[in-house]
Every structure is written in C-alpha cells, then in structure tokens.
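Worksheet for the structure shown next.
The values are calculated or read from the model by the stated rules, or taken from the named source; none is laboratory data. Model, not experiment: these values are computed from the prediction. So basically every Cβ, Gly included, is an ideal-geometry build from the backbone, and we count neighbours across all protein chains shown. We work out accessible area using only protein heavy atoms, side chains counted, and drop any ligands, DNA or RNA first. Shrake-Rupley method; radii C 1.70, N 1.55, O 1.52, S 1.80 Å.
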Amino acid sequence: MAHALTPQSHLDVRAIDRAAGVLLGAAVGDALGVPYEFQPRLREDQQPQMIGGGLGPYEPGEYSDDTQMQVCIAQVAATGADLRTAESLDVIAANFHRWLSDGATDVGSQTRSVLDAARRAAGAPGAALIDAARRFTADNDQAAGNGSLMRTGIVALTHLGDPAAMAEAAIAVSALTHPDADCADACVLWCSGIRTAVLHGTFDGVRAGLDLLPAERRGVWARRLDEAEATPPHHFANNGWVVHALQAAWSAITRTAVPELVPAQDSFPAQHLRRALEAAVRAGKDTDTVAAIAGTLLGARWGCSGIPLAWQQAVHGWPGHSGADLIRLAVLTARGGSDDAAGWPSAPRLAAASHSSSFAIPHPHDPGLILGNLALTRGTEPVAVDAVVSLCRVGTGPILPGADVEHVRVWLVDRQGDNANLHFVLDQAAREVLRLRRAGKRVLLHCAAGQSRTPAVAALYSHLATGTDSKTALHDLRGVLTGGWQLHAHPEMHEAVHELTAQDTLGGTSSGSRETAKADREAGQVDPLRVGKLGQLSKVGRLDNVSAEQLLEEPELGGDAEQEREFLKGKGAASRVRGMLLGLALGDTLGAARGKLPAGGPLQAGVNTQLACFTAEGTIRALVRGDHKGICHPPSVVWHAYCRWAALQGIEAERMRRRWAGGSTDKVWPDGWLAQVPVLSERRGSAPATVAALSKGEQGTVERPTTTSRGCHALTRTLPVAVVAAAHGSDQTVRWAREIAALTHGDTAAQSAAAHAAVLVAHCLTSTPELQDPQSGKQSQVRHALTGGIQALRDTDRGLTADEHDRLATALRQADDQPADHGRLARLAPDATAPSALLGGLYAAASFPGRDFGAALRFAAGAPDGDSVACVTGALLGAAHGADALPVDLVSRHELAWVLDTLARDLVAQLAERPGGTEYTPGWDSHWRDRYPGW
C-alpha cells in the first residue's frame with residue numbers, strides 16, 4: 001500500500017525545543033530508572049538518582065534497551081522516511097537485528113523471541129519480523145508486553161501534521177514485535193499525546209487520541225485513563241504489561257503537581273518533568289521502562305530546555321550517543337529529515353557571524369571564568385580552558401577541536417518570547433558554571449555574540465558564587481564587556497536575572513545562599529562533582545569481545561522449569577554438586593602434596609580450586625543476568641569473575657579497577673561475597689597462562705586467542721560448568737566450556753579437553769547410584785557414566801575428532817583392563833596440559849569405581865602433574881557419589897570447604913529455584929542479587 005507523506009507542520013522555536021525533548025526525555029527517564037529495576041520499591045521519601053548499576057550493570061546516565069530500540073527507529077525517522085512503508089520497516093527491522101547483535105545491554109523476552117525467530121526466516125527483514133511477531137502472539141496468551149510502547153515516542157514526530165498517518169505509523173512500528181491490539185492502542189494514544197505536547201505544549205493529546213482508536217475500544221481505554229488519574233503509579237504493579245505500563249506512566253504525569261513559577265524560591269514549572277519521572281521510578285518493578293515511557297511525553301511537553309542539565313550531561317548509550325545526538329535525531333525527525341539554513345542540527349560546526357571578532361575576557365569576580373563568543377571557539381589559537389558552557393547552537397563536532405574539554409550545551413534562545421523555561425534554564429546554566437568552577441576547572445562561558453545570554457548567566461553565577469546582587473553583577477560585567485551589550489534588548493531575560501536573585505519573601509534569604517544542597521537536587525541527582533565526561537568515558541564493566549553470533553545464538557539462561565532435567569528435582573542434586581566441587585578441591589590439595597598430607601591442621605587450597613570457585617560464582621552470576629535481562633554471554637561474565645580473582649591476587653589490580661569500576665573509589669570492586677574470602681587473595685601455586693592472559697586485559701576467544709597455551713588450568717577451572725550441562729543439557733555447555741577455556745588458553749586441544757571434561761562430569765552428576773554390572777556384579781556407576789559421556793560427545797561436540805574420541809575410549813578401556821597402574825597413568829598424563837589432565841583423571845576415576853575416594857586421589861596424585869589429574873579425578877568421583885562419599889577428615893580440614901559448599905548449594909538453587917527472581921517475577925531472596933550481581 002502506497003502512502004502519501006504529508007508535509008510536516010511548521011514548528012516555531014518553542015515547538016522545536018519540545019520536539020528535541022522527546023528522545024532525550026526517554027533517555028533520562030530510562031537512565032534514572034535503571035538502578036531500581038526489579039529492586040524493592042522506593043518509598044515516597046526516597047529520591048531516585050541516576051547512579052547506574054541495575055541489570056547492566058550500567059554507567060551513571062547510561063540508558064538501556066528502552067532508548068536503544070527507539071534510537072533504531074530514530075535513525076530511520078531522522079531521514080524523513082515514512083515509517084508506514086515496507087522499505088522503512090525493513091530498515092528498522094535490520095537496525096533491531098544489528099542492535100541485538102552488537103549493542104543490546106538488555107532485551108525483553110518477547111522482543112528477543114521474535115527477533116530470534118525472524119533472524120532464521122527468509123525474506124525481507126520487516127516482513128519476517130512482522131510474521132514472527134504474529135506467530136508469537138498467536139501462540140502466547142501473554143503477548144502484550146510494554147516493548148513497543150517504550151520505543152514509540154519518536155514515531156509521533158514523523159507525522160506532526162497528520163494524526164491519522166501518525167496512528168498508522170505507530171501501529172506499523174509496534175507490529176514489528178508487538179501486534180497485540182492493546183500494544184497498538186497504547187502506542188497510538190501515547191503518540192497522540194506527544195504530538196499534541198510538541199505542537200501545543202499540553203498533555204491533552206492522550207485523551208484526544210481516543211478518537212484514533214477503533215470505536216469499540218475507546219470506552220475501555222477511557223476507563224483505563226480514568227483509573228490511572230485516580231490511582232498512584234505503584235498500583236499498576238504488573239507494568240511489564242503494556243496497559244499497566246501506560247497507566248503507571250500516565251499516573252506519574254497527571255498526579256504530579258506542576259510547580260508554580262517562584263524564581264526566588266527555586267520553584268519552576270519545568271521541575272514537573274523531574275518530579276514526575278521520580279514518581280514513575282517509584283512505581284517499582286520495570287522502573288526504567290515506565291520512566292522512559294513517561295519521559296517521552298514529559299520531554300515533549302517541557303522540551304529539551306526543561307530537562308535538568310546534569311541529566312543532559314550524564315545521559316548516553318548505544319551506539320555511542322550523547323544527549324546532543326538524541327536531540328539531533330529528534331529535531332531532524334520533526335523537521336522531516338532536513339537541517340535549517342545554517343545546517344543545524346547536523347553540521348559539525350556552525351559559523352560565527354561574519355562581523356564578529358573573537359574575545360576572551362575574565363569574569364570581573366572570578367578570573368577562572370572566561371567570557372567569550374562563538375567566534376572564539378572558531379579561531380585557530382588554542383583556548384586555555386578545561387570546560388566550555390555554550391549558550392547557543394554550536395554544531396555536532398568538538399567545541400574546541402584538539403582540546404580535551406568538558407562541554408555543556410544549554411538550550412537558550414536569544415529572542416524575546418522564545419524560551420518556554422527561561423528562568424529554569426538560566427538558573428541551571430549558572431549552577432553548571434558553579435559546579436565546574438568548584439571542581440577546579442577553568443571555564444569558557446559563551447553565546448553567539450557574547451552580549452546578552454553570556455552576561456545574564458555570568459551575573460547569576462556571581463550571585464551564586466559570591467552573593468553579589470544582580471544589579472552590581474550586571475554593572476561590573478558591562479564594565480568589562482566593552483565590545484557590545486545587548487541584554488537591554490532582551491527585557492524578558494534581563495528581568496529574569498533580577499527575579500532569580502530577588503529576596504525570598506518567605507524567609508528573607510536570597511536563593512544564592514541556598515545553592516549547595518538545592519542545586520544538587522534540582523540539577524538532577526547526579527553528584528555534580530562526579531558527572532565529568534560520562535558521555536565520553538569508555539565502557540565500564542561491558543562484556544567485550546563478544547561476537548554478534550555469540551549474542552544472537554545464546555538461549556535464555558535459566559530456561560523454563562519444565563525444561564529442567566530430573567537431576568535438579570532429585571534430593572541428591574545438591575550433594576552431587578557439593579561432591580564435585582569438594583572432590584576437585586581435595587584432589588588439588590592432595591595432588592600438590594603428592595598424596596602426602598600433614599597429620600593435622602588446615603589443608604590449603606590450590607590455584608585450581610581458587611579459579612574453580614570464581615568459575616562457579618561467575619556461572620551463577622551469568623544465570624542471574626540471563627534471568628533478568630533475557631540476554632547473556634556466559635563466558636564474558638566468567639571472564640569478569642577471573643578479573644576479580646586477578647585483582648585479589650594483585651595482578652594489574654589498578655588497571656582492573658579502572659576497567660570494571662571506572663576508577664571510582666566509591667564503587668565496591670571486586671564485588672560479590674566471594675571477593676571477601678581472604679584465602680582467595682593468597683598466592684597458591686602458578687597459573688602462568690591464566691595470569692598472562694589476565695595481565696593483557698584482553699578477553700580471549702576461540703577465534704581470537706590471546707595465548708597459545710595448552711595448560712591444564714583451561715580444564716580444571718572450567719569443571720563447574722558441568723552443573724549447567726547436567727541441568728539443561730550438554731549441547732550449549734560444550735560451546736560455553738570451550739569459550740571459557742579460550743578466555744586464557746588459545747590451544748584448541750586445551751579447549752576441547754575442557755569441553756569434554758564438562759560433559760563427562762555432567763554424566764557423573766546425573767548417573768544412577770549403585771549401578772552394578774549384571775555379569776561381574778561389580779559396581780559400575782562411574783564407568784557407566786563415563787561410557788555414556790564419551791558416547792554423548794559424538795552428538796554434543798561437533799568439533800570432536802576421531803583421535804580425541806579414541807583416546808578417551810582407550811583410557812576408559814585401560815582402566816578396566818589394567819586399573820590403577822602408575823606406569824599407564826604416566827603414559828596417559830605425561831605433562832601439565834589439559835589433555836593429559838583429562839585422560840589421567842578419566843583413567844584414575846574409572847580405576848576406582850567404588851567409593852574408595854582417598855585411594856583414588858592418592859593414586860591420581862602420583863601422576864607427573866598430580867594436582868591437575870587429581871582435580872579431574874576428584875570432580876568425577878565426587879559428582880557420581882556425592883559429598884557423603886568424601887573423606888570427612890579431609891573435608892573438615894579444607895580451608896575452602898565452606899566456600900565450595902556454599903557455591904554448590906547456591907548454584908543448584910539458582911538453576912532450580914531462581915531465588916533472585918526473573919525479569920518479571922519476584923524472587924524469594926531479596927539479597928540474592930547483592931551476593932551475585934548479574935555481570
């Protein structure tokens with residue numbers, strides 16, 4: 001169907017300001033809600049702050065999938081394209097796939113399922129996505145998630161002059177993933193609200209949008225809006241559902257009072273945006289999505305200029321966008337894809353007036369504040385400042401090319417009547433200058449000519465910083481700005497300066513004396529001394545070196561309860577996993593001692609055990625991440641775990657902290673309970689390849705290894721992954737084990753050995769107890785499990801070679817023909833490599849199929865590299881027989897027994913019960929995600 005694109009309405013300056021606030025408003029709401037997603041609901045007296053963390057974890061100010069997916073749409077809308085066409089929907093669909101493969105920090109389960117299904121389908125991307133969404137909706141009773149409403153705001157800007165076309169576009173874009181009627185209706189209503197807010201500056205458009213719905217559905221939505229206006233946001237607790245998400249956002253907006261304009265009391269109508277977003281976050285549950293939905297409408301009503309500058313400075317996210325980039329996309333969309341005559345908003349640099357001469361004059365009350373004009377930033381001479389506050393349009397490029405400066409952009413128009421939030425913006429700008437100066441930065445404050453906006457903000461800064469009254473400040477500024485003075489031609493701005501510095505009629509105290517606490521609150525809940533260049537920082541704590549294929553192909557970790565194997569439901573599951581981890585640890589200790597332990601005293605853990613602890617903990621954290629985010633690459637989460645171990649060991653500790661904690665001294669890192677165990681910070685043996693890889697700071701992959709090592713630690717530290725294979729099958733676990741081994745060991749034989757060991761241990765975990773050979777009557781549980789594991793490798797490991805299979809089968813057969821032979825063991829396991837550890841451990845375990853655990857470990861300890869072989873032996877036998885079969889005298893003396901016991905129980909609990917809950921369901925342990933943060 002062909003569509004005629006109606007020309008966009010002519011937008012005045014205020015409407016452009018409001019359009020600029022749509023995508024930015026979504027992003028700041030999103031970033032404000034991120035830290036509290038699925039956390040205990042905030043009380044009314046608790047103020048949300050843009051502090052990062054959450055499910056990402058995210059940097060302070062970083063937005064999540066709510067805004068990321070809207071950016072995918074905006075990249076098309078900003079070209080002026082009609083979003084109703086198949087061509088536009090194809091590009092949006094392709095953008096969604098690109099986002100999922102290389103930028104998604106979070107993704108809803110419905111969106112993930114639809115995108116995965118469409119990726120495997122043939123045909124045009126848009127049609128494939130629409131078809132996958134329809135099939136998902138037909139097959140699921142709960143297919144009305146909030147995933148299309150959260151990203152719909154930008155669609156409203158594509159048809160500002162044609163509400164019917166806007167409604168069609170909203171429905172078409174929603175149908176890419178959420179074709180349910182409730183989803184379509186919600187998107188139409190919200191787009192209608194945004195359209196009216198941009199054009200007329202009111203919230204009336206949401207109810208006006210009822211006329212755009214099918215007649216039979218208008219009544220139910222009218223009642224839903226009535227309910228939202230009468231009920232607090234937290235009443236709509238199921239806000240993963242699109243209806244409750246809209247109601248919670250609408251409740252937060254309509255039930256939050258709009259402050260009166262009383263400048264001397266720091267009261268401005270635009271503060272409604274901040275207060276309503278805080279109310280949206282206090283709704284709880286899916287806080288970032290509800291606040292992002294509310295943010296689009298609030299940004300459309302109050303404009304870019306109504307968003308606190310500290311939030312504008314902090315907000316950033318995929319694909320490397322800052323607040324200024326989000327403004328550019330929104331303005332281009334509202335303008336039908338075109339720049340204005342000056343090239344704004346796309347031009348890298350806007351030209352200064354031809355008649356302007358550059359100047360740089362110290363502020364009369366603070367020589368560290370330089371007053372200038374746009375021409376100064378366009379000159380060839382360097383400007384010796386650390387920060388720039390621009391009060392005019394400046395282009396998309398660096399404000400001072402070649403200089404590393406913090407740049408604050410302020411939406412302030414030098415024309416009477418064109419600033420909807422004039423007092424608020426002037427106050428915000430002056431407080432930003434104060435923040436920068438308090439941080440010790442030399443600041444350039446400028447506008448286009450430096451003759452009206454610059455002295456207005458400079459006078460307010462004088463008042464805040466020194467208490468100087470506005471009349472004196474303006475007089476002194478006029479005395480130094482001798483090249484021109486135009487503030488008198490802007491009486492509205494001139495008067496606003498005086499009103500902002502007037503005496504407070506309630507208490508007789510000027511607003512300047514209250515700036516310290518009040519500025520921090522009104523500027524946006526980001527500590528002004530720590531905001532810095534958040535938009536320019538390298539990613540902290542991101543899971544690097546993850547390919548598109550890895551992210552796209554990962555299943556949702558945790559799975560559905562009905563898909564879990566009987567292993568988890570059995571009473572012995574925890575005992576088996578405890579036996580596996582404790583057996584590994586005892587083997588490590590006995591092997592290092594060559595089988596000869598002291599008669600008394602604690603038994604020391606080895607480096608194999610230390611690393612295995614972090615593998616187990618990282619696996620739990622990966623499962624938590626998958627449950628709460630719907631997307632996870634487990635080896636990358638385990639890499640983070642190894643980095644925590646390295647930091648505890650003093651290996652590149654400061655660099656590790658900068659990488660994962662951004663250098664912040666306030667953030668606890670290494671985090672999680674395991675980092676508090678003193679033994680794990682002690683040096684317990686050598687792991688040269690692991691240390692070398694971690695020292696490089698680059699995560700190795702199967703395709704891009706960082707070492708060439710075949711060492712045994714690739715296998716021994718990977719063994720805990722077997723528990724996931726026992727719970728959910730070996731197919732994916734084989735790949736994860738290879739990738740976890742490849743993090744530090746680049747030799748493919750080491751990676752294969754790690755994967756094969758995980759499968760063998762998984763078969764021991766799920767083996768039938770007390771199984772006996774029907775002919776000999778000998779106990780054969782272990783041998784049966786190992787035989788089954790070797791056979792299973794043919795199906796589960798596509799990379800299995802005939803030689804690898806034969807070696808494993810031969811080792812098992814030799815254990816039956818010639819068990820516990822030291823010469824045979826030495827030939828099977830001649831060195832400290834992963835293949836040797838696997839073959840030696842397999843042979844030793846199969847040589848002692850009964851419960852003579854101590855004898856098996858002492859035999860394995862006699863191998864040339866006894867600790868690695870005994871680790872594998874202990875893990876196999878402990879997995880088969882459970883913790884009860886382990887020597888009590890040794891377990892009770894092992895210094896990490898309690899740690900391993902805790903990790904085992906918690907790993908089983910996470911797989912079977914999800915104590916921390918999931919994306920949309922609460923858990924029974926409110927502290928679980930503090931113990932196991934999902935990153």
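Structure notes:
- Degrees between helix 731-742 axis and first principal axis of the chain (Cα, 0 to 90, nearest 10): 80 degrees
- Non-local Lys pairs in the chain, i.e. 8 or more apart or on different chains, that have alpha carbons under 22 Å apart: 7
- Maximal additional length on extending the H822-A692 stretch stands at 43.5 nm, based on 0.36 nm per residue less the C-alpha distance.
- Considering the chain, its Cα convex hull presents a mean projected area of 40.9 nm².
- For segment 320-345 versus segment 635-675, the gap between their alpha-carbon centres in whole angstrom: 39 Å
- Mean Cβ count within 10 Å, highest first, over the residues of peptides 451-463, 291-303: 291-303, 451-463
- Cα-based radius of gyration for segment 790-864, normalised by 2.2 N^0.38 Å, reads 1.10.
- Here the translational diffusion coefficient of segment 762-920 follows from Stokes-Einstein with Rh set to the Kirkwood radius across Cα pairs; for 20 °C and 1.002 mPa s it amounts to 128 µm²/s.
- Axis angle, to the nearest 10 degrees, between helix 86-102 and the longest C-alpha principal axis of the chain: 50 degrees.
- The residues of the chain present an accessible area of 35 Å² per residue when probed at 1.4 Å with all protein chains retained.
- With the highest mean first, a sort of the peptides 700-706, 136-142, 609-615 on other beta-carbon atoms found within 10 angstrom per residue produces 609-615, 700-706, 136-142.
- Equivalent-ellipsoid semi-axes of segment 211-303, from the Cα gyration tensor, Å, largest first: 25, 15, 11
- Working note: Debye formula, equal point scatterers on the alpha-carbon atoms of segment 138-254, no solvent; log10 I(q)/I(0) at q = 0.11, 0.20 Å⁻¹ is -0.31, -1.07.
- As a ratio to 2.2 N^0.38 Å, the alpha-carbon radius of gyration computed for segment 174-242 takes the value 1.13.
- Within the accessible area of segment 236-287 (1.4 Å probe), percent carbon and sulfur: 53 percent
- Rounded tilt (10° steps) of 13-33 against the dominant C-alpha axis of the chain: 30 degrees
- Ordering 37-46, 574-583, 317-326, 156-165 by mean Cβ neighbour count within 10 Å, with the highest value first, yields 574-583, 156-165, 317-326, 37-46.
- Distances between placed amide hydrogens fall under 5 Å for S267 paired with V262, all partners being 5 or more residues away or on another chain.
- Estimated 222 nm signal from helices in the chain, with DSSP H stretches of n ≥ 4 weighted -39500 (n - 2.57), rounded to 500: -16000 deg cm²/dmol
- Split the accessible area of segment 437-494 by element, probe 1.4 Å, and carbon with sulfur accounts for 49%.
- Calculated translational diffusion coefficient of segment 1-123 (37 °C, 0.692 mPa s; Stokes-Einstein with Kirkwood radius over alpha-carbon pairs) equals 195 µm²/s.
- Accessible area, probe 1.4 Å, largest first, for residues F359, F96: F359, F96
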